């Protein structure tokens, strides 16, 4: 059975931690629903698909083991992400695996939106639906954004989530993912640009 | 002089105010002269603001897999 909650129904970190320490099953479900997908996403961005789920589950067990000592110096989310990122980096060293770079790395060199003079090939029109509120209120556009987001390569997805959705600083993102600032900025732009292009296609064709 | 391709590549840095003063001036000069790039940067800005509105409207889903993991963690915690 699948249940849907709204994030605001869940109360704050302190209530959630108190619930988990008391062994309340709903608190565990809420915490997992809120944070597990993000932890898997961070693990994927660091070590790739194969070990991500296992690393996130191990990170939960280690986090819950020291939950009573978690002083609330950071948010629960930040703390869980750090535990996950550290576990993923340790595993990466152990596996001695090279994480393949973002598969769209060469995208800009083959970008066919520009001509040989590096000008736009086609006119860039203004969008008919051109405010964020109107875009999110449009069911199909919202769906397009969510689908495009879900299909982004893991590193792009992680950087976009942390920067644009969670409001993390670039420095923090680079520390968590172990990437350079210039790499992080390129990943962020690629992710935003992919979503922009899908919104643009929809607006041009409708 | 920046080309449209450069503007596309620098657009996120421009909107995040992550360009040097000189780069910013060159970027603005190009925007002043090029309506395609003005529209493009405006589209990107709208895209970013739309993305940032997502969490507020996004429901959190608890499926069977999540419930199983939550149960596993809860049992594990009670053994500790």
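Bear in mind these aren't lab numbers, they're just calculated from the coordinates by the rules spelled out. On a predicted model such as this, the values are computed, not experimentally measured, just so you know. Cβ atoms come from the backbone with ideal geometry, glycine included; neighbour counts cover every protein chain shown.
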Using the alpha-carbon atoms, what tilt in degrees (0 to 90, nearest 10) does helix A:139-151 show relative to the longest principal axis of chain A? 70
Determine the shielding of peptide A:126-135 by partner chains: average, over its residues, the number of Cβ atoms on other chains within 10 angstrom of each Cβ. 4
Based solely on its DSSP helices, what 222 nm [θ] is calculated for chain A when runs of n ≥ 4 H residues each add -39,500 (n - 2.57) and the sum is averaged over all residues, nearest 500 deg cm²/dmol? -20000 deg cm²/dmol
Take peptides A:197-203, A:54-60 and line them up by average Cβ neighbours within 10 Å, highest first, as a rough protection proxy. A:54-60, A:197-203
If you build a Gaussian network model of chain A, linking Cα atoms that sit under 10 Å apart, which residue out of A:37, A:132, A:154 swings the most? A:132
How would the range A:107-205 be classified by its alpha-carbon gyration tensor: rounded, prolate or oblate, with rounded meaning a/c under 1.5 and the a/b versus b/c comparison settling the rest? oblate
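Per-residue Cβ counts within 10 Å, from other chains only, averaged over B:61-69: what number is that? Numbers along the way, then the final one.
On the way: counts 6, 11, 5, 2, 4, 11, 8, 1, 9.
Across B:61-69, the average partner-chain Cβ count within 10 Å equals 6.
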Against the rule of thumb 2.2 N^0.38 Å, how large the Cα Rg of the range A:9-95 comes out: 1.07
One finds the C-alpha centres of the range A:115-193 and the range A:20-62 to be spaced, in Å, by 24
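Of B:15, B:29, B:73, how do they rank once you tally other Cβ atoms within 10 Å and put the fewest first? Intermediate results must be reported in sequence, preceding the final value.
On the way: B:15 17, B:29 12, B:73 22.
In increasing order of surrounding Cβ atoms, one gets B:29, B:15, B:73.
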Using all alpha carbons of the range B:4-79, what is the percent of pairwise distances in each 5 Å bin, ordered from the shortest bin to the longest? 3, 13, 17, 13, 9, 7, 6, 6, 7, 7, 7, 4, 1, 0
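Expressed in whole Å with the largest first, what are the equivalent ellipsoid semi-axes of the protein assembly as shown derived from the C-alpha gyration tensor as the square root of 5 times each eigenvalue? Walk me through the numbers before you get to the answer.
Values: eigenvalues 299, 89, 52 Å².
Its equivalent ellipsoid spans semi-axes of 39, 21, 16 Å.
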